[in-house]
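*Asks:* First the structure, then my questions, so here it is.
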Amino acid sequence: MMVQRIIITAMVVCFSIMAGANQWHDEADRCWNEAQKYKKERNIKQAVEYLKRAVMAERKNENPRVEELVAQLNDLGQSYDILGDYNKSLHYYKLMQATCKKYNVADHEAMAVNNIGQAYFHLDRFDEAMVLYKEALEISRKYAFKDRMVLALNNMALVHRVKKDFIGAKECYDEALIYARDAKIRDNMAAITSNAGTMYYFMKEYDRALELYTEALGIDRRRVSDEYLTV
């Protein structure tokens, strides 16, 4: 009889824990959905408030859903980017990075580090931005995340451009194009190709610049054609 009571008590405790976890998961999801609704309405300030509630609810679980928590923190950072409050976005991107490190989510960590670099860039802290972009590149190389490598290299090139180091920018764009073509990454491919062309233009290598501008135009035309065919 005593054994039965122990088993029943244990089952009740487990059920209570699970019910509590589900309650906070449900609250986090509800707040997330509300935030997305306000974002569609371009009410970013209200979206931010619901995203904060989503993060708080998710964190109240002993075992938070890592993907959801990372997405919430990333969305908060991006929302503050839209509002132009880069110190706030920096705060949430750093929380995103810490969460990724804690739960060993390398792919999202590379994105978090890149996002921190972007916040520094918007704050005109270019040297710090470059350090973070290089760190994002190293993480991405370690795990062969070629899409993240392309993004980091593109952002590194932008820092070089701001600092009038066109040779450094060209080298980054050229490397980004190699990875993008190898992995057949079409997102932003036209923009990176065009940016690389601009670097050659500044270096007065006009034939190469024209070649890349033409390639960028072809990529955009194919993309538009593919989108038309899938409608």
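*Asks:* What number goes with the only condition from (1) touching a Ser or Thr at 6+ places or on another chain (Cβ under 7 Å); (2) farther than 22 Å from D127 by Cα; (3) modelled with pLDDT of 90 or more; (4) not charged (D, E, K, R) that L177 does not pass?
*Replies:* All conditions are met except number (3).
*Asks:* Answer yes or no as to whether L83 is surrounded by fewer than 16 Cβ atoms within 10 Å (Cβ to Cβ) and closer than 22 Å to V113 by Cα.
*Replies:* For L83, the condition - surrounded by fewer than 16 Cβ atoms within 10 Å (Cβ to Cβ) and closer than 22 Å to V113 by Cα - is met.
*Asks:* For E138, are the conditions met, namely being open to solvent by 50 Å² or more (accessible area, probe 1.4 Å), in a helix (DSSP H, G or I) and touching a helix residue (DSSP H, G or I) at 6+ places or on another chain (Cβ under 6 Å)?
*Replies:* Judged against the criteria, E138 is not a match.
*Asks:* Filter segment 180-198 for residues that are surrounded by fewer than 17 Cβ atoms within 10 Å (Cβ to Cβ) and part of a helix (DSSP H, G or I); which is modelled with the lowest pLDDT?
*Replies:* Only one residue tops the list, namely A183.
*Asks:* Let me ask something else. Only one residue in Y173, Y120, Y201 is part of a helix (DSSP H, G or I) and open to solvent by 50 Å² or more (accessible area, probe 1.4 Å). Which one?
*Replies:* Y201
*Asks:* Does D107 satisfy being within 12 Å of the chain's Cα centre (by Cα), of a type in the set (D, E), open to solvent by less than 30 Å² (accessible area, probe 1.4 Å) and closer than 28 Å to M189 by Cα?
*Replies:* no
The values are calculated or read from the model by the stated rules, or taken from the named source; none is laboratory data. Computed from a predicted model, the values in this text were never measured in an experiment. All Cβ positions, glycine included, derive from the backbone under ideal geometry; neighbour counts span all protein chains shown. Just the protein is used for accessible areas: all its heavy atoms, side chains included, with ligands, DNA and RNA removed. Shrake-Rupley method; radii C 1.70, N 1.55, O 1.52, S 1.80 Å.
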